[in-house]
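Down below is the structure, laid out as structure tokens.
The values are calculated or read from the model by the stated rules, or taken from the named source; none is laboratory data. Keep in mind that what you see is a predicted model, and the values were worked out from it rather than measured. Cβ atoms come from the backbone with ideal geometry, glycine included; neighbour counts cover every protein chain shown.
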């Protein structure tokens with residue numbers, strides 16, 4: 001078989017072993033970086049604990065609901081996206097600036113497989129993050145919801161995956177790790193202000209309310225509020241969760257098409 005024929009055949013072979021090898025390499029790299037794991041797993045617990053302690057002495061009117069009982073569950077729709085965006089974008093930029101990404105892309109592994117490998121590893125960490133965060137809010141912090149705990153954890157997981165996809169997309173356009181962090185106000189800032197955490201959407205100007213309805217963090221917050229207030233999951237919430245899952249796929253695809261093969 002000629003060299004050209006071998007090269008053509010290598011393109012047609014399944015790349016699953018290479019993708020699994022890449023996934024294992026990324027997982028091993030993260031295991032050797034306890035600071036990143038700490039940001040993903042420990043930092044949300046610390047931030048929510050600090051928020052809970054800030055509200056612990058706030059007076060509650062008779063028959064009223066403690067402020068943290070409303071704000072606490074919303075953190076499951078906010079913190080995972082924020083933290084996973086930062087960690088994923090910086091980690092991917094580190095791969096590019098070190099030249100690791102260029103070496104990987106000279107193999108039969110496609111950009112889509114590479115990003116899917118990152119999504120799988122960070123998605124696994126997202127499961128751990130969402131589970132621990134949900135158990136903390138619903139357990140020791142005593143927040144009671146009408147719906148089921150697993151739905152809150154599912155929302156937090158999808159929210160974390162959106163953060164991963166956002167981070168990978170931002171890393172495709174940034175040239176340095178500092179630039180990747182600078183993208184955070186662009187991707188996360190407007191969503192944080194308009195998701196309903198500070199001002200309910202119905203109290204916003206109409207134009208802002210319309211914009212908020214198209215933001216992933218708003219979908220996650222609205223889903224959390226619905227699950228916290230109702231025993232059954234509404235069709236609107238299932239629709240929002242479908243949108244969150246869909247946007248993960250879309251952003252991963254756009255990132256795979258936008259990512260340069262060479263460091264700039």
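I'm trying to understand the selection: among the residues of the stretch 193-214, which are surrounded by fewer than 17 Cβ atoms within 10 Å (Cβ to Cβ) and under 20 Å from the mean Cα position of the chain (by Cα)?
Those that are surrounded by fewer than 17 Cβ atoms within 10 Å (Cβ to Cβ) and under 20 Å from the mean Cα position of the chain (by Cα): 193, 213, 214.
Could you say whether any residue in the stretch 226-235 is modelled with pLDDT under 95, surrounded by 13 or more Cβ atoms within 10 Å (Cβ to Cβ), closer than 16 Å to residue 81 by Cα and in contact with a helix residue (DSSP H, G or I) (Cβ under 7 Å, 6 or more places away or on another chain)?
Within the stretch 226-235, not a single residue is modelled with pLDDT under 95, surrounded by 13 or more Cβ atoms within 10 Å (Cβ to Cβ), closer than 16 Å to residue 81 by Cα and in contact with a helix residue (DSSP H, G or I) (Cβ under 7 Å, 6 or more places away or on another chain).
Just need a number here: residues in the stretch 49-80 that are part of a helix (DSSP H, G or I) and more than 17 Å from the chain's Cα centre (by Cα).
Filtering the stretch 49-80 for residues part of a helix (DSSP H, G or I) gives 49-55, 67-75, 79-80.
Next cut, more than 17 Å from the chain's Cα centre (by Cα) only: 49-55, 67-72.
Counting residues in the stretch 49-80 that are part of a helix (DSSP H, G or I) and more than 17 Å from the chain's Cα centre (by Cα) gives 13.
For the stretch 167-179, how many residues meet the condition of being more than 15 Å from the chain's Cα centre (by Cα) and either closer than 11 Å to residue 85 by Cα or not in a helix (DSSP H, G or I) (or both)?
Narrowing the stretch 167-179 to residues more than 15 Å from the chain's Cα centre (by Cα): 172-179.
Okay, now just the ones that are also either closer than 11 Å to residue 85 by Cα or not in a helix (DSSP H, G or I) (or both), so 174-176.
Summing the residues that are more than 15 Å from the chain's Cα centre (by Cα) and either closer than 11 Å to residue 85 by Cα or not in a helix (DSSP H, G or I) (or both) in the stretch 167-179 gives 3.
So, in the stretch 236-246, exactly how many residues are farther than 20 Å from residue 187 by Cα and surrounded by 20 or more Cβ atoms within 10 Å (Cβ to Cβ)?
Residues meeting the conditions: 1.
Just give me the residues in the stretch 172-191 being surrounded by fewer than 17 Cβ atoms within 10 Å (Cβ to Cβ) and at pLDDT 85 or above, in sequence order.
Passing the criteria: 189, 190.
Has the stretch 145-152 got any residue that is part of a loop (DSSP other than H, G, I, E, B), out of contact with any helix residue (DSSP H, G or I) (no Cβ under 7 Å at 6 or more places or on another chain), farther than 21 Å from residue 254 by Cα and touching a residue at least 40 places away in the same chain (Cβ under 8 Å)? Working first, answer last.
Quick first cut of the stretch 145-152, residues part of a loop (DSSP other than H, G, I, E, B) only: 145-148.
The next check asks that each one be out of contact with any helix residue (DSSP H, G or I) (no Cβ under 7 Å at 6 or more places or on another chain); those that pass are 148.
Checking the rest, the ones that are also farther than 21 Å from residue 254 by Cα come to 148.
Going one step further and asking which of them are touching a residue at least 40 places away in the same chain (Cβ under 8 Å), we end up with 148.
There is at least one residue in the stretch 145-152 that is part of a loop (DSSP other than H, G, I, E, B), out of contact with any helix residue (DSSP H, G or I) (no Cβ under 7 Å at 6 or more places or on another chain), farther than 21 Å from residue 254 by Cα and touching a residue at least 40 places away in the same chain (Cβ under 8 Å).
Looking at the stretch 136-154, can you tell me whether even one residue there is modelled with pLDDT under 85, within 24 Å of residue 41 (Cβ to Cβ) and surrounded by 19 or more Cβ atoms within 10 Å (Cβ to Cβ)?
no
Report whether or not residue 28 is over 20 Å from the mean Cα position of the chain (by Cα) and modelled with pLDDT under 90. Please lay out each step first, then the result.
Numbers: over 20 Å from the mean Cα position of the chain (by Cα): yes; modelled with pLDDT under 90: yes.
So residue 28 passes the test.
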